[in-house]
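Encoded as structure tokens, the structure appears first; notes follow it.
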There are 2 protein chains.
Amino acid sequence: MSENKNTLTSAVHDLLRRAIIEQALKPGMRLPEDTVGEQFGVSRTIVRHALVRLENEGLVITRRNRGAFVAEPSREEAKQIFEVRKCLENEVIRMLCLRMPENGYDRLQAHVRQEETVRGKDGPVSIRLAGEFHVLLAELTGNHVLVRYVSEVVLRCSLIMSMYARSHSSDCAVDEHSQIIDAIRAGDAPRAMSIMDHHLGAVAGRAELSAQEDSIQSILSHYGKELAQ
Amino acid sequence: MSENKNTLTSAVHDLLRRAIIEQALKPGMRLPEDTVGEQFGVSRTIVRHALVRLENEGLVITRRNRGAFVAEPSREEAKQIFEVRKCLENEVIRMLCLRMPENGYDRLQAHVRQEETVRGKDGPVSIRLAGEFHVLLAELTGNHVLVRYVSEVVLRCSLIMSMYARSHSSDCAVDEHSQIIDAIRAGDAPRAMSIMDHHLGAVAGRAELSAQEDSIQSILSHYGKELAQ
DNA sequence: TCAACGTCAACTGGATACAATTTACTTGCG
DNA sequence: CGCAAGTAAATTGTATCCAGTTGACGTTGA
């Protein structure tokens, strides 16, 4: 996933992103510029740029003169992200059913095999691989814009899962990945989309299950209107 | 369109974006950090941050140690952007047919009326309004993620048009906007999508080449005044 | 005891200074 | 006269520095 240009900013960017996705940095956690910079041995300038990018990706939020925090997507936000993700991934499927590149199936199956080697483990690696399957699908369309957006929503979904889900339970995910490949190979777009919907629905569903506190902001914003001055 | 946080960076960001969209800054034009900063009366730091954001939006590209340039989307890239845009806008229509918010139609028609007041003029205003119609549609879905992506592709499409189209010919666009509203009101999603497809297809269809030059200073001096505190 | 006010520390917003890299021009040699 | 190498100018990459803002803590008065 995007080993960008060989600049320090990009390096810090990737590192922080991984740390967030792998849940080392928990949602809501503060990210003071000089603390982070100290850790990585770079100046605040670099961290600053990296944080700006992360904010654009929706993985962190920054409040003026307060600093950056790991994003805490509300349930509403989560729902919206999943909605968009479903739309985008359906488009991916539609396109791949029309035209799958040369070694597309080989690459997909190689990826699934890789996922199977970490089957059962809920560690950072399986989280990452599960996401990368969807990104790989998008890459096979050859549409770079689509790749970027899919990457982004997949990342944000990972963050959401880390907040709301008790486990990624990647077992069933791998099976469904295989089924999606089969459906695409059969040129059966509706079936592939249906599986994908179920796949994402299951993911989103697990998020609903674990009843948990929503972010303070989203809770209070609901009541806040009443004492608006 | 996103009057972000009240920070200088955001101000410069918005200004540059407008300048690009309104074709004051032509594709391929260089954007030296200190030249721009000088014009706006801010330091390179600010400009730099703004350029990073613009790069994320796909409106500029930066080459290491070379600087930033207004993006020059290739025809292939243009095709891909339109593909994604079509997908996203279809989703918008699908959602709006299911549920249109309270004063949705009022807002849409107000916007169309506004577009009609500049009918026939191919100036910056009509370009901006044409784009904002689509953003407004997205906003009515209430899905902020969708809004962001639609905004982005609409902006990039404006840039593409400024490269390849000889004129936006907004006349027919306004009519089609009305037709889309009508179709949505009738709950006829397929028809609305069909019109939208035609609408975007027509936009994408006008593909001719053109090139010209102008000095950075004279262009930016026009936008710079607005930063006056 | 509690609330309001004032001071203080921490951190970000922004500017400037310095280092590294690339480009372009010039000069010298074949 | 042309090409190549070296050098200088321009511009970005990075670090450090100063100022403004915000939140927290402690103090004081009712």
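One table, with the values for the structure above:
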{"item": "Any hit, the stretch A:65-75, residues being under 30 Å from B:Asn90 (Cα atoms), in a helix (DSSP H, G or I) and either in the same structural domain as A:Ser151 (by TED's automatic domain parsing) or away from DNA strand C (no atom under 16 Å from the Cβ) (or both)", "result": "yes"}
{"item": "Test for A:Val84: is it within 16 Å of DNA strand C (Cβ to nearest atom) and either at the interface with another protein chain (Cβ under 9 Å from one of its Cβ atoms) or among the hydrophobic types (A, V, I, L, M, F, W, C) (or both)", "result": "no"}
{"item": "Flag if A:Val60 is outside the structural domain of A:His134 (by TED's automatic domain parsing), free of Cβ contacts under 8 Å to residues at least 60 places away in the same chain and within 18 Å of the chain's Cα centre (by Cα)", "result": "yes"}
{"item": "Residue in the stretch A:11-22 that is of a type outside the set (D, E, K, R), within 11 Å of DNA strand C (Cβ to nearest atom) and touching a helix residue (DSSP H, G or I) at 6+ places or on another chain (Cβ under 9 Å) present", "result": "no"}
{"item": "Residue selected from the stretch B:18-60 under the condition surrounded by fewer than 16 Cβ atoms within 10 Å (Cβ to Cβ) and within 14 Å of chain A (Cβ to nearest Cβ), by the criterion farthest from DNA strand D (Cβ to nearest atom)", "result": "B:Ser43"}
{"item": "Single match in A:Gly37, A:Gly28 (criterion: of a type outside the set (A, V, I, L, M) and closer than 21 Å to A:Tyr164 by Cα)", "result": "A:Gly28"}
{"item": "Condition met for B:Leu227 (at pLDDT below 85 and within 20 Å of the chain's Cα centre (by Cα))", "result": "no"}
{"item": "For B:Lys79: the one exception among (1) in the same structural domain as B:Leu155 (by TED's automatic domain parsing); (2) modelled with pLDDT of 90 or more", "result": "(2)"}
{"item": "Residue satisfying all of: in the stretch B:118-153; at pLDDT 90 or above and away from chain A (no Cβ under 14 Å); farthest from B:Val60 (Cα to Cα) among these", "result": "B:Leu137"}
{"item": "Residue identified as at pLDDT 90 or above, over 25 Å from B:Cys157 (Cβ atoms) and not in a loop (DSSP other than H, G, I, E, B) among B:Asp14, B:Asp106", "result": "B:Asp106"}
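For every residue, the table says whether it meets (1) among the basic types (Lys, Arg); (2) more than 20 Å from A:Arg148 (Cβ to Cβ).
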position: A:Glu38; (1), (2): no, yes
position: A:Arg48; (1), (2): yes, yes
position: A:Val52; (1), (2): no, no
position: A:Ala68; (1), (2): no, yes
position: A:Pro73; (1), (2): no, no
position: A:Glu76; (1), (2): no, yes
position: A:Glu89; (1), (2): no, no
position: A:Met95; (1), (2): no, no
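The values are calculated or read from the model by the stated rules, or taken from the named source; none is laboratory data. Remember, it's a predicted structure, so these values are computed and weren't measured experimentally. Cβ: placed from backbone, ideal geometry, glycine included. Neighbour counts: every protein chain shown.
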